[in-house]
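I have placed the structure first, in the form of structure tokens, so that the comments after it can refer back to it.
The values are calculated or read from the model by the stated rules, or taken from the named source; none is laboratory data. Note that the structure is predicted; figures quoted are calculated from it, not measured. So basically every Cβ, Gly included, is an ideal-geometry build from the backbone, and we count neighbours across all protein chains shown.
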Protein chains: 2
Amino acid sequence: MYASWVTRTAAALLIGNELLSGKVAEANLIVLARRLRTLGVDLRRVVMVQDDVEVIAGEVRSLAASHDWLFTSGGVGPTHDDVTVIAVARAFGVEVVRSSELEAMIRAHYGERTTEGHLWMADMPKGASLEVSDEVRWPTIRIENVWLLPGIPEVFRMKLPVATRPLEGGDAPFVSRAVYTKMDEGDLRRLLDRVVAAFPGVDVGSYPKWMDPRYKTKITFDGRDAAKVDAARDVFLSDLPPGEPQPDLGEG
Amino acid sequence: MYASWVTRTAAALLIGNELLSGKVAEANLIVLARRLRTLGVDLRRVVMVQDDVEVIAGEVRSLAASHDWLFTSGGVGPTHDDVTVIAVARAFGVEVVRSSELEAMIRAHYGERTTEGHLWMADMPKGASLEVSDEVRWPTIRIENVWLLPGIPEVFRMKLPVATRPLEGGDAPFVSRAVYTKMDEGDLRRLLDRVVAAFPGVDVGSYPKWMDPRYKTKITFDGRDAAKVDAARDVFLSDLPPGEPQPDLGEG
């Protein structure tokens, strides 16, 4: 019998020359991925592109159309290389408009120091909404199923709860079990094939660890049906030779 | 006058359910990006997908056709979720064949313990070549402009020099200069617009730092022509108000 929920999907678009040139190590994806996982949302695809309006607009169009939600990271600041708002507007075929609400907030914040540069951050795609929560009063721009998050890791983390709030409470969350063994992946192949064939609803992963004296391979069992996930793990455990598994290390 | 070199481009395809579920933090991209930067190669696009043969094959086809080189990371081990070889073969419309050379190496390594699981790692797309160097004797699979690198970070790092060797010595490398300031991006907007307009061959980046007492924004100047890069930086420096810039922190 198949589960009654419909899996919600998501994609991420990570924007910035600095990520592709290796100047800055991307740091937001892991936070988004873990949050979506907790919410039972399937993050299907991540794309990283440079600060190019046409390229970003093309990706936004394609990713927003093929996933339930799209989260962008980066390119929302006030300088010439911040082109995400323009690109998202182009993807949706709308103009860029200045939000009087954002403009008022920016003027209140910067006072007499306010420059046209600062006000650039008051621009948004026409038809977008400004989303806030009790905890995060500075608005996050959303248009249809696309959330525009900032690239600065600290601010991305602050705003993420607002952008993922509509996803709360929808799906059965994923459950995950792990088994650690000193067998290598080649040895495990046959045992894994058996459990994969017997439990089609369970995602079985196999992750070799490089030169760790405690174990060679971590096997994971993931799914939304905890009873099936546990059953898959137990069948696998019962197939292991004496001396296995190794102690649970509780790594992720 | 335009430069005489032709920019070589690259893409990366990062493969694995564990990356998208947040179980494992992706760790290979930054190493690849920095290496390509050093070689003067423009890394244009990065895509991350799950362990799905059709999805991977589609991305390989598209990314290999639109970039000079494609580097894949992950999915080359011996278990059911390692489908990169199958997917790359499908992308090129060729069969998967067992390499007698790889099979002999695997049998020599595992001896009597060799399983069909281990030998799965001897499979490659028909027509692929096995690339080695004096330092890295275990072969890396390449087919046309696509290099199949492993996901395990330590092994990825060992093999990367082999996969990027053909790129050595081709282009003028990028040079990069940085200026640190306590101005915020809104204040800098006008100064940056001026230097961006005056130096079309120089990529000017602006990166705000969150709550760092030493500076607020790092400005970078990148390009292949060191004289132009320096000139852009110098024009920017001459526009800064008294008290700026801040000391060079030498961060990346």
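Worth a mention:
- The criterion of at least 2 residues that are within 14 Å of chain A (Cβ to nearest Cβ) and among the charged types (D, E, K, R) is met by the following helices (runs of 4 or more DSSP H) wholly inside the range B:49-129: B:53-66, B:100-110.
- Any chance A:Leu13 is at pLDDT 95 or above, touching a helix residue (DSSP H, G or I) at 6+ places or on another chain (Cβ under 6 Å) and either in a strand (DSSP E or B) or crowded, with 20+ Cβ neighbours inside 10 Å (or both): yes
- The range B:130-151: number of residues that are farther than 22 Å from B:Thr79 by Cα and of a type in the set (Gly, Ala, Ser): 1
- Yes/no for A:Met158 being within 14 Å of chain B (Cβ to nearest Cβ) and more than 30 Å from A:Asp134 (Cα to Cα): no
- Condition broken by B:Leu19, with the remaining ones in (1) over 30 Å from A:Arg224 (Cβ atoms); (2) assigned to a helix (DSSP H, G or I); (3) within 13 Å of chain A (Cβ to nearest Cβ); (4) among the aliphatic types (A, V, I, L, M) satisfied: (1)
- Those strands (runs of 3 or more DSSP E) lying entirely in the range A:162-234 with at least 2 residues of a type in the set (Gly, Ala, Ser): A:175-181, A:203-208
- Residue list for the range B:189-199, filter: more than 20 Å from A:Gly75 (Cβ to Cβ) and surrounded by fewer than 20 Cβ atoms within 10 Å (Cβ to Cβ): B:Arg194, B:Ala198
- Inside the range B:25-40, residues that are at pLDDT below 95 and either outside any loop (DSSP other than H, G, I, E, B) or buried (at least 22 other Cβ atoms within 10 Å of the Cβ) (or both) make up a count of 2.
Yes or no, residue by residue, for (1) among the aromatic types (Phe, Trp, Tyr); (2) surrounded by 15 or more Cβ atoms within 10 Å (Cβ to Cβ); (3) within 9 Å of another protein chain (Cβ to nearest Cβ); (4) under 20 Å from A:Leu20 (Cβ atoms):
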{"residue": "B:Lys182", "(1), (2), (3), (4)": "no, yes, no, no"}
{"residue": "B:Asp187", "(1), (2), (3), (4)": "no, yes, yes, no"}
{"residue": "B:Gly201", "(1), (2), (3), (4)": "no, no, no, yes"}
{"residue": "B:Lys216", "(1), (2), (3), (4)": "no, yes, no, no"}
{"residue": "B:Arg224", "(1), (2), (3), (4)": "no, yes, no, yes"}
{"residue": "B:Lys228", "(1), (2), (3), (4)": "no, yes, no, no"}
{"residue": "B:Ser238", "(1), (2), (3), (4)": "no, no, no, no"}
{"residue": "B:Asp248", "(1), (2), (3), (4)": "no, no, no, no"}
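- Residues considered: B:Gly201, B:Gly186, B:Gly117, B:Gly127. Of these, the only one that is over 30 Å from A:Thr115 (Cβ atoms) and modelled with pLDDT under 95 is B:Gly117.
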